[in-house]
1. State, in angstrom, two size descriptors of region 26-95 derived from its alpha carbons: Rg to one decimal place and Dmax to the nearest whole number.
2. I'd like the accessible area for residue 296, computed on protein heavy atoms only with a 1.4 Å probe and all protein chains in place. Round to 10 Å², please.
3. Have a look at the DSSP beta bridges in the chain and tell me what percent are antiparallel, nearest 5.
4. Contact order normalised by length for the chain, with contacts defined as Cα pairs under 8 Å and 6 or more residues apart; what percent is it?
5. For region 1-125, what mean projected area does the convex hull of the alpha carbons give, in nm²?
6. Just round it to a whole percent: the fraction of Cα-Cα distances in region 256-344 exceeding 16 Å.
7. Which longest uninterrupted range of the chain lacks any trypsin sites (Lys or Arg not before Pro) assigned by DSSP to a loop state (not H, G, I, E or B) and surrounded by at most 13 other Cβ atoms within 10 Å?
8. Please list, short to long, the whole-number percent of alpha-carbon pairs of region 211-310 in consecutive 5 angstrom bins beginning at zero.
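The values are calculated or read from the model by the stated rules, or taken from the named source; none is laboratory data. Not measured: the values here are computed from a predicted model. Every residue, glycine among them, receives a Cβ derived from its backbone with ideal geometry; neighbour counts consider all protein chains shown. Just the protein is used for accessible areas: all its heavy atoms, side chains included, with ligands, DNA and RNA removed. Shrake-Rupley method; radii C 1.70, N 1.55, O 1.52, S 1.80 Å.
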Amino acid sequence: SQVQDMSSVKTNAAKDMAFAFDIDGVLVHGDRVIPEGRRVLEILNGDNELGIKIPHIFLTNGSGKPESDRCAQLSKILNSPISTEQFIQSHTPMSALAEYYHTVLVVGGEKYKCREVAQQYGFKDIIVPNDIFAADPTISPLKEFFTAEQRATSNPRDFSKVKINAILVFSDSRDYATDLQIIMDLLQSEDGVLGTRAKDPVSHRIPIYFSQGDLLCPTEHPTPRMSQGTFRIALEAIYKQITGVELERVVYGKPELATYRYADEVMASWMEVIHNEERLPKNVYMIGDNPQSDIIGGNMYGWKTCLVRTGVYQGEGNDKENPANFGVFDNVLQAVQAALRKEL
Ligand code: G3P
Ligand code: MG
């Protein structure tokens, strides 16, 4: 009958759309839920007029924890199951680098969690700045605190015998002074051996990667806080002043193309999990709060973009430089409802 036809048309349309959610400033602020986020996930997990799951992935520039830890935490906050198979953090695509670099300096994050992340990605020899500080505290004269726990969990060794193959900034530095100092030492060294100094600053320089470039991050604080991008800018300025040359570096995360390509792979395999069809839905909606990462990246990648006012962006109307092409909404629920009205 006509009613049945209508509903199968809608079911097909529902399988041909998908959402990519930013997390901070869209679904949560730090560990505090944005209440509309809970309802959105219920709707997409099947509490809708069709009773079917609407594909969605999470594409966050967040970092600092293994994917499984963060998914467990978010599932609790948002009261809906979030699988690691639908989840991309800023450093997730960096797992591919494990094939190329044996010994890496991993920078950022709390309580050695980034060491754990790197282990899970398959890196073989992982060094964190505290290992280097524990081996030689004079390397960072400005460091004031080195707790007993940090000392106990550090692996000091003779770093003059170690070649560090790459620097991976996974998450926010907890100690700008020490991390900047150690990174500067390594960038100026001969092939990543601490204590050496390359004559030519470029040809013996080891590569440096950053997991994302956001300047600002919405948190529990009333106004957004500095993020990994500010750390990178500080390093670039220091490096240029001291060596006279520009720092070449690679940045992952939104709005970088590599991250959106990775998101497509995750989206296609998530389609297989929920609908048994490994393919990309036609209409992908990115919902984000940061015009300079979520929206510009989504626009460039051909996604439909929705800007929400619950995070970094607080302005009236659309963003001037990077307008969302589908619209601006007060919150994530309004954005999702508008997209569902359009497609179904
Ligand atoms: O800017 C840092 C990060 O916490 C932002 O996360 O989810 O807004 O991409 P998200
Ligand atoms: Mg955000």
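1. For region 26-95, the Cα-based Rg and Dmax read 12.4, 39 Å.
2. It works out to around 50 Å².
3. Percent antiparallel among DSSP bridges in the chain is about 15.
4. Relative contact order comes out at 19 percent.
5. Working: hull surface 36.1 nm².
Seen from a random direction, the Cα hull of region 1-125 projects 9.0 nm² on average.
6. Everything past 16 Å amounts to 55 percent.
7. Working: sites that count: 111, 124, 157, 197, 199, 279, 282, 320.
Between the exposed loop sites, the longest stretch runs 1-110.
8. Once binned at 5 Å, the Cα pair distances of region 211-310 give 3, 11, 16, 17, 17, 14, 10, 6, 3, 2, 1, 0.
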